[in-house]
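A.B. asks: Right, I'll just put the structure down here and ask away after.
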Amino acid sequence: MEITNAEFVISNTDVKKCPAGTFPEYAFIGRSNVGKSSLINMLTSRKGLAMTSSTPGKTMLINHFLINNSWYLVDLPGYGYAKRGQKGKEQIQKVIEDYILEREQMTNLFVLIDSRLEPQKIDLEFMEWLGENGIPFSIVFTKTDKLKGGRLKMNINTYLQDLRKQWEELPPYFISSSENRTGRTEILDYIETINKEINTK
Ligand SMILES: Nc1nc2c(ncn2[C@@H]2O[C@H](COP(=O)(O)OP(=O)(O)O)[C@@H](O)[C@H]2O)c(=O)[nH]1
Ligand SMILES: [Mg+2]
């Protein structure tokens, strides 16, 4: 799929203020600094579309980007950033939960996982919660440019093994790097397939 148009629409902390209408949307979530905003920029080939930062915990908002005037990419706040303090963490948690549970246009949630790390409890628990609530999601392993091939394979296999303990069927998953654009075609094709299914309903 070609992305011919990508534009920022609105940022807010209130799911009720997200854009009206029925365009399908694809949201990106994961721990702070995992690479959500970079991935959105990579997918759209627009460098400064979503704000990236080497300092974790910057995005507190739900950010909507309209793509090809027909669907949205959504940059969500990162979860689990300790420095925000308990109150800050709870506020962010509420924004995230309200969006995920209430936003009917949310068609698929991409859960971003840092490919360099061993499985983190916070991510596994989050996906368990998604499952309990029947939220459609897939996994994107990020920053794979930082790992050598063998190591990458090993980490992904370990991760999938852990997931199998929790899930009978694995969610779709993607290997990505915003640095060298790995996974771009696969993720965009996946979105395109779902968009087509929706449009023929
Ligand atoms: N090497 C490498 N660095 C990345 C990649 N994706 C993100 N980063 C870096 O990781 C940091 C956090 O990225 P950002 O997209 O802001 O993460 P977010 O907090 O999840 O939105 C930034 O310094 C990015 O440059 C990647 O695929 N490869
Ligand atoms: Mg971000």
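The values are calculated or read from the model by the stated rules, or taken from the named source; none is laboratory data. This is a predicted model, so every value here is computed, not measured. Using ideal geometry, Cβ is built from the backbone for each residue, glycine included, and neighbour counts are taken over all protein chains shown.
A.B. asks: Looking at segment 155-165 only, could you name the residues that are exposed (fewer than 13 other Cβ atoms within 10 Å of the Cβ) and over 24 Å from residue 184 (Cβ atoms)? Walk me through how you get there before you give the answer.
C.D. replies: Step one: of segment 155-165, the residues exposed (fewer than 13 other Cβ atoms within 10 Å of the Cβ) are 157-158, 161, 164-165.
Within segment 155-165, 158, 161, 164, 165 meet the criteria.
A.B. asks: Given the residues 142, 107, which is the only one that is in contact with a helix residue (DSSP H, G or I) (Cβ under 7 Å, 6 or more places away or on another chain), β-branched (Val, Ile, Thr), within 16 Å of ligand 2 (Cβ to nearest atom) and modelled with pLDDT of 95 or more? Break it down into steps so the answer makes sense when it comes.
C.D. replies: Numbers: 107 fails: within 16 Å of ligand 2 (Cβ to nearest atom).
The match here is 142.
A.B. asks: Consider residue 38 carefully, then state whether it is near ligand 1 (Cβ under 8 Å from one of its atoms) and modelled with pLDDT of 95 or more.
C.D. replies: Details: near ligand 1 (Cβ under 8 Å from one of its atoms): yes; modelled with pLDDT of 95 or more: yes.
The answer is yes for residue 38.
A.B. asks: Out of 33, 63, which single residue is within 13 Å of ligand 1 (Cβ to nearest atom) and closer than 21 Å to residue 12 by Cβ?
C.D. replies: Values: 33 fails: closer than 21 Å to residue 12 by Cβ.
Among 33, 63, only 63 is within 13 Å of ligand 1 (Cβ to nearest atom) and closer than 21 Å to residue 12 by Cβ.
A.B. asks: Next question, about the same structure. Which residues, taken from segment 85-109, are farther than 13 Å from residue 15 by Cβ and surrounded by 13 or more Cβ atoms within 10 Å (Cβ to Cβ)? Before you say what the answer is, go through the steps one by one.
C.D. replies: Of the residues in segment 85-109, the ones farther than 13 Å from residue 15 by Cβ are 85-93, 107-109.
Passing the criteria: 88, 89, 91, 92, 93, 107, 108, 109.
A.B. asks: Something else: Keeping to segment 9-49, report how many residues are within 18 Å of residue 103 (Cβ to Cβ) and among the hydrophobic types (A, V, I, L, M, F, W, C).
C.D. replies: Within segment 9-49, the subset within 18 Å of residue 103 (Cβ to Cβ) is 9-30, 36, 40.
Still in the running and among the hydrophobic types (A, V, I, L, M, F, W, C): 9-10, 15, 18, 20, 23, 27-29, 40.
Number satisfying all stated conditions: 10.
A.B. asks: Provide a single number: the residues in segment 56-91 that are more than 16 Å from ligand 2 (Cβ to nearest atom), of a type in the set (S, T, N, Q) and modelled with pLDDT of 90 or more.
C.D. replies: So the count comes out to 3.
A.B. asks: Which of the following residues is under 18 Å from residue 112 (Cα atoms), in a loop (DSSP other than H, G, I, E, B) and touching a residue at least 40 places away in the same chain (Cβ under 8 Å): 51, 60, 1, 42?
C.D. replies: Going through 51, 60, 1, 42 in turn, the sole match is 60.
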